[in-house]
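Chemist: One structure follows; several queries about it will come next.
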């Protein structure tokens, strides 16, 4: 088992610098329609950062569209119900903004990141779909070109995760590898139950790209468990050889407090539990504690995401869309 992971690390782990943009554009042209790329930014109240990300992608990866020199064909911001100016800022920067509730309206929307990622398959057309979180600061377009690259140049790769340093607060870039939930929950779960995935540096990272033909076959947990769920299900669908990771540098973003991370951890554990046993949850809720105004600890109970969307390939509207 360890030998398989070590071999995978040697043959399926790359750096964004391994595939210069010129090489990617040539590979994309050779693929024709099979090389179309859609970039999706799921966003909820990200007016402070979404505009810069959209502007960078348009300037560096879409500017040559008229003469066939664009890597990205479609840039969509999926608004998950923002109450700030996220949609306005994204549109002004040049993105097509799609509101969550406008896609597949016959299915009432559930709150959560996985929900908008699932719906984005119906709102986009590219044969390669690239997801990028909308809260990134100091954004580098290598986050897109790096993870799209193997899908354009390696026909047997179907799913690519980004690798990066993830500094916490003002710490140096190399001081923190991975988030707290990654190290305390996701990595132990993967190493113990899916050891073939032990080589993934950032299993919960929000930056990854995949072939549409794979994504439309996978169920999507609607909430925080979506990244772990997709990674595990992709392993079972295409095997370890179909998965890869690419080093894109440093990821800086807004960090969440410990209570939010606790809710994230519960959702991720639940996602793993379902995939291990496909059984029921004993108690799909999480109680956390904080001091109240009188100084006493007060319990607050939150529901844990328990909904998963079926593979998009089973949805009538998707099957009947004109592109199909």
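Chemist: Of the residues 323, 293, 260, which single one is farther than 22 Å from residue 194 by Cα and modelled with pLDDT under 75?
Modeler: 323
Chemist: Looking only at the stretch 21-38, count how many residues are outside any helix (DSSP H, G or I) and either free of Cβ contacts under 8 Å to residues at least 12 places away in the same chain or more than 18 Å from residue 121 (Cβ to Cβ) (or both).
Modeler: 0
Chemist: As an exercise: evaluate residue 164 against (1) at pLDDT 90 or above; (2) assigned to a helix (DSSP H, G or I); (3) in contact with a strand residue (DSSP E or B) (Cβ under 7 Å, 6 or more places away or on another chain) and give the number of the one condition it does not meet.
Modeler: (2)
Chemist: State all residues of the stretch 127-144 that are over 15 Å from residue 86 (Cβ atoms) and buried (at least 24 other Cβ atoms within 10 Å of the Cβ); if no residue qualifies, say none.
Modeler: Within the stretch 127-144, 128, 129, 130, 131, 143, 144 qualify.
Chemist: Can you list residue pairs whose Cβ atoms sit under 9 Å apart, with the first residue in the stretch 94-110 being without any contact (Cβ under 8 Å) to a residue 60 or more places away in the chain and the second being surrounded by fewer than 17 Cβ atoms within 10 Å (Cβ to Cβ) and part of a loop (DSSP other than H, G, I, E, B)? Count only pairs 6 or more apart in sequence or on different chains.
Modeler: Between residues of the stretch 94-110 that are without any contact (Cβ under 8 Å) to a residue 60 or more places away in the chain and residues that are surrounded by fewer than 17 Cβ atoms within 10 Å (Cβ to Cβ) and part of a loop (DSSP other than H, G, I, E, B), the close pairs are 99/81; 100/81; 101/81; 101/108; 109/81.
Chemist: Here's something else I'd like to know. When the stretch 218-251 is examined, which residues are found to be surrounded by fewer than 17 Cβ atoms within 10 Å (Cβ to Cβ) and within 21 Å of residue 143 (Cβ to Cβ)?
Modeler: Across the stretch 218-251, the qualifying residue is only 250.
Chemist: Tally up the residues in the stretch 3-16 that are farther than 19 Å from residue 242 by Cβ and over 21 Å from the mean Cα position of the chain (by Cα), please.
Modeler: 0
The values are calculated or read from the model by the stated rules, or taken from the named source; none is laboratory data. Keep in mind the model is a prediction, meaning the values are calculated, not measured. Neighbour counts run over all protein chains shown; Cβ positions are idealised from the backbone, glycine included.
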